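The block underneath contains the structure these notes are about, expressed in C-alpha cells.
The values are calculated or read from the model by the stated rules, or taken from the named source; none is laboratory data. These numbers come from a predicted model, not from an experiment. Positions of Cβ are backbone-derived with ideal geometry, glycine not excepted, and every protein chain shown enters the neighbour counts.
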Amino acid sequence: MNTIGYARCSTVEQAESGLGLDAQALRIKAYCTLKGLRLSEIITDAGVSGGKPLASREGGRRLLDALTNGSAVVMLKLDRGFRNAGDCLTTVEKWQHKGISLHVVDLGGNAIDTQSAAGRFMLVILAGAAEMERNLTRERTRSAMAVKRSNGQRIGTVPYGFDLNADGKTLMTNDAEQTIIEEIRQLRGNGVALKKIADSLTLRRVRTKTGKTTWTHQAVARILSRTT
C-alpha cells in the first residue's frame, strides 16, 4: 500500500506549540509502525493556514498528485488537512471511490481509518463533534472579547518588548526584551540571516513572549516588522 504522511502547521504553531512539523512527523511514523503501514514519505506545508483548501497548498497539491488507487493518507489531526468537517467528508468520499483511505492518528483522542464502514462512521461522528467544539470555542472567544471591549480592556496579544500594565489596558516597556530587540535589529542590519539570529537566541535560551526557549526565523521576522 502506498502510504503518504501529511503534516501542516501555521507560523505560530511551528514556533510556539507542540504541533510543529517534527512533532507531527514523529507521531505519524510511530502510527505507521504500529499499524504495519509502509510509509513512503511525509509531505509538509509550513507556515500555511488551515483555512486554505488542500489543493491550494503547495504540499497539499503534491499529496493529491501522489495519490493512486489503494493509497493511504496519514495525518496527526483532522485540522492538519481540512478546513472543516464538510471539507473533510467531501474529500474522503471522493477518495473512497478510488480506494484511498484516510488515517487520523488523533481525532478526539482516538485513532481512526476509513478502510472500514465503522471507521467511516466514526469519522462522520467525531469530525462533526470536533467542528462543533471549534465553533463553541469561537463563540466563547467572541463573547470574552466583547466583554473586554466594553470594559475598555486591551484586546490581542502583548507584543515582544512590552508588558501589560495592571489596568489591563495599556502597555509598559519590558527593558530586558527591548535589549533583545535592539540586538536583533543590529544583527539584521549587519546582514545576519533571520535563521542564524533565531538559532543564536535559542542557543542562549532567551525566552520568547510565551516563555519558550526555541526561536524561529518567523518569530524574529515578526519582531523586526513591528520595530522597523
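One table, with the values for the structure above:
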{"quantity": "Segment 3-41 - residue that is modelled with pLDDT of 90 or more and either in a loop (DSSP other than H, G, I, E, B) or β-branched (Val, Ile, Thr) (or both) and, of those, surrounded by the most Cβ atoms within 10 Å (Cβ to Cβ)", "calculated": "ILE28"}
{"quantity": "Residue check for THR44: among the β-branched types (Val, Ile, Thr), out of contact with any Pro (no Cβ under 9 Å at 6 or more places or on another chain) and either surrounded by fewer than 19 Cβ atoms within 10 Å (Cβ to Cβ) or in a loop (DSSP other than H, G, I, E, B) (or both)", "calculated": "no"}
{"quantity": "Set ARG185, ARG222: member being outside the structural domain of ASP22 (by TED's automatic domain parsing), surrounded by 14 or more Cβ atoms within 10 Å (Cβ to Cβ) and more than 25 Å from the chain's Cα centre (by Cα)", "calculated": "ARG185"}
{"quantity": "Checklist (1) in a helix (DSSP H, G or I); (2) under 16 Å from LEU54 (Cα atoms); (3) not small (Gly, Ala, Ser) applied to LEU102, failing item", "calculated": "(1)"}
{"quantity": "Residue match in segment 102-111 (condition: more than 21 Å from LEU39 (Cβ to Cβ), in the same structural domain as ASP65 (by TED's automatic domain parsing) and within 19 Å of the chain's Cα centre (by Cα))", "calculated": "yes"}
{"quantity": "Among the residues listed as ARG120, ARG142, the single one being at pLDDT 80 or above, within 30 Å of GLY81 (Cβ to Cβ) and basic (Lys, Arg)", "calculated": "ARG120"}
{"quantity": "Test for MET132: is it at pLDDT below 85 and farther than 30 Å from LYS98 by Cβ", "calculated": "no"}
{"quantity": "Of all residues in segment 203-218 being among the polar types (S, T, N, Q) and surrounded by 14 or more Cβ atoms within 10 Å (Cβ to Cβ), the one that is farthest from the chain's Cα centre (by Cα)", "calculated": "THR208"}
{"quantity": "Verdict on LYS98 being exposed (fewer than 15 other Cβ atoms within 10 Å of the Cβ), in contact (Cβ under 8 Å) with a residue 24 or more places away in the chain and either within 29 Å of TRP215 (Cβ to Cβ) or touching a Leu at 6+ places or on another chain (Cβ under 6 Å) (or both)", "calculated": "no"}
{"quantity": "Every residue from segment 196-221 that is in contact with a Ser or Thr (Cβ under 8 Å, 6 or more places away or on another chain) and of a type in the set (Lys, Arg)", "calculated": "ARG205, ARG207, LYS209"}
{"quantity": "Output for segment 34-65, where each listed residue is of a type in the set (A, V, I, L, M) and in contact (Cβ under 8 Å) with a residue 24 or more places away in the chain", "calculated": "LEU37, LEU39, ILE42, ILE43, ALA46, VAL48, LEU54, LEU63"}
